[in-house]
Amino acid sequence: VAVPTVGGDGSPVLALDIGGTKLAAGVVDSAGAVHSFHAAPSEPERGPDDGLERLFELGRRATADAGLALGAVGIGCGGPLNTERGVLLAPLHLPGWRDVPVVQLAIEAFGRPAALENDATAAAAGEHRFGAGAGTRHMVYLTLSTGVGGGVIVDGRLYRGAMGNGGELGHVTVDCNGRPCRGCGRRGCLEAYASGTSIGERAVEALAETDEQSILGALDRPTAADVAAAARDGDPLAVGLWDETVAALACGLTSIVNLFEPELVVLGGGVTRVGEQLLGPVRAEVEAHAVRPAGSPLAIVQSALGDHVGIVGAAAIVYDRVASGLMLAHG
Ligand SMILES: [Zn+2]
């Protein structure tokens with residue numbers, strides 16, 4: 001099959017996002033505009049063949065809706081993965097999906113070149129190219145969601161690491177004797193405190209350890225949003241949990257800021273929807289504790305792409321690769 005090369009022509013990209021809870025597909029143009037969007041539950045336990053069949057169907061519908069000729073396919077997925085070979089190795093959020101050659105399968109399904117990137121790295125590329133970080137040269141993106149992920153722009157370019165697994169900012173240690181981390185198995189990772197999952201788990205643990213009355217005690221499985229709301233209402237247990245969340249995030253972020261001296265930190269993911277309740281105190285802590293002058297000219301802002309960050313990010317990696325002169329995989 002003859003497959004066209006993607007040049008610098010900026011043809012629209014079919015973006016595919018493989019999340020642990022949601023599959024999404026959309027057509028995104030070179031200005032970051034979303035022309036179509038379809039999403040469905042991931043149900044990863046049905047396996048990779050079934051999952052990719054449903055993902056590609058979403059992609060065919062998104063392509064038909066947009067009515068645009070595609071240049072390439074961009075795919076974002078959680079790691080570990082091998083971006084150069086285009087293979088999902090054993091993504092933590094997709095149990096049982098091992099050694100899935102997703103790029104080759106996408107090339108066969110759509111007849112276009114394709115590229116794979118870690119989803120948080122892709123989101124960083126999306127925020128840098130089209131979102132809150134547009135125009136910056138040194139930027140860190142951190143997503144607080146089911147897990148905690150991140151991506152780093154160094155001197156205007158996306159940092160990938162040797163096999164595309166660099167920038168695992170969720171596994172920066174904030175307490176080396178701390179809570180076990182579901183993601184990597186070590187202790188005291190940022191993810192073990194500041195992910196939505198961990199905030200909910202810490203609420204359950206705190207309730208089990210105290211006789212103190214709390215609004216959260218009436219809930220079956222309190223979420224990060226429940227903890228934030230109860231903290232706003234002055235519930236002492238929730239205030240304690242929220243302060244601990246802020247402290248962990250500020251601690252991890254201070255280390256990250258000291259490493260990279262970014263101009264801008266963009267925070268995305270569901271946990272950050274509370275806005276200033278999280279960003280305000282984190283900003284103050286990082287500014288107070290980062291090694292001078294790394295923390296002082298720094299802005300910490302919320303994601304501009306919101307719910308579309310997954311597909312806009314997956315498209316951004318294609319435009320980023322083309323701009324960087326990196327090849328996309330062909331059939
Ligand atoms: Zn970890």
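Using modelled backbone amide H atoms (1.01 Å from N, in-plane), which distant-in-sequence or interchain residues come within less than 5 Å of Q302's amide H?
It is L267, by chain and number.
Just rank C251, C77, fewest to most, by other beta-carbon atoms within 10 angstrom.
Details: C251 22, C77 25.
Going from sparsest to densest Cβ surroundings: C251, C77.
With everything on Cα atoms, drop me the angle between helix 196-208 and the longest principal axis of the chain, reported from 0 to 90° to the nearest 10.
Result, in degrees: 30.
How many angstrom lie between the C-alpha centres of the stretch 160-217 and the stretch 76-139?
The stretch 160-217 and the stretch 76-139 have Cα centres separated by 24 Å.
Calculate the radius of gyration of the Cα atoms of the stretch 179-331 to one decimal place, then report Dmax, the largest Cα-Cα distance, as a whole number, both in Å.
Spelled out, the Cα radius of gyration and Dmax of the stretch 179-331 are 18.2, 62 Å.
Dimensions of the stretch 1-123 along principal axes (Cα, Å, largest first)?
Principal axes ranked by extent give 37, 28, 27 Å for the Cα atoms.
Sorted by average packing, counted as other Cβ atoms within 10 angstrom per residue and highest first, what order do 120-129, 227-236, 267-276 take?
So the order, starting with the most tightly packed, is 120-129, 267-276, 227-236.
What ratio of Cα Rg to 2.2 N^0.38 Å holds for the chain?
1.00
Please give me, ordered by residue number, the GluC sites (Glu not before Pro) of the stretch 137-245 that lie in loop per DSSP and have at most 10 other Cβ atoms within 10 Å.
The qualifying sites are E209.
Using θ = phi - 60° and the Karplus curve 6.51 cos²θ - 1.76 cosθ + 1.60, what whole-Hz ³J(HN,Hα) does each residue of the stretch 103-112 get, with Gly and Pro shown as x?
With coefficients 6.51, -1.76 and 1.60, one gets 5, 4, 5, 5, 4, 5, 6, 10, x, 9 Hz.
So if each residue of separation counts as 0.36 nm, and I subtract the Cα-Cα distance between R232 and D175, what length gain in nm does that give?
Working: separation 57, 0.36 × 57 = 20.52 nm, distance 2.63 nm.
Separation in residues times 0.36 nm, less the Cα-Cα distance, equals 17.9 nm.
Ordered by residue, what ³J(HN,Hα) values in Hz, to whole numbers, does the stretch 148-154 give under the Karplus form 6.51 cos²θ - 1.76 cosθ + 1.60, where θ = phi - 60° and Gly and Pro are x?
With coefficients 6.51, -1.76 and 1.60, one gets 10, x, x, x, 10, 9, 10 Hz.
Provide, in order from the shortest bin, the percent of all Cα-Cα pairs of the stretch 18-62 in each 10 Å bin, continuing until the bin that contains the maximum pair distance.
Pairs per bin, as whole percents: 30, 48, 19, 3.
Thinking of the stretch 100-177 as a set of Cα atoms, what percent of all their pairs are more than 20 Å apart?
43
Could you give log10 I(q)/I(0) at q = 0.11, 0.12, 0.18 Å⁻¹ for the stretch 213-290, computed by the Debye formula over C-alpha point scatterers of equal weight, without solvent?
Log10 I(q)/I(0), no solvent term: -0.32, -0.37, -0.74.
Which far-off residues, 5 or more places away or on another chain, put their amide H under 5 Å from the one on R186, with H placed in the peptide plane?
C181
Taken together, the values in this text are just the output of simple stated rules run on the coordinates, not laboratory data. Quick caveat, the model's predicted, so the values are computed rather than measured. Using ideal geometry, Cβ is built from the backbone for each residue, glycine included, and neighbour counts are taken over all protein chains shown.
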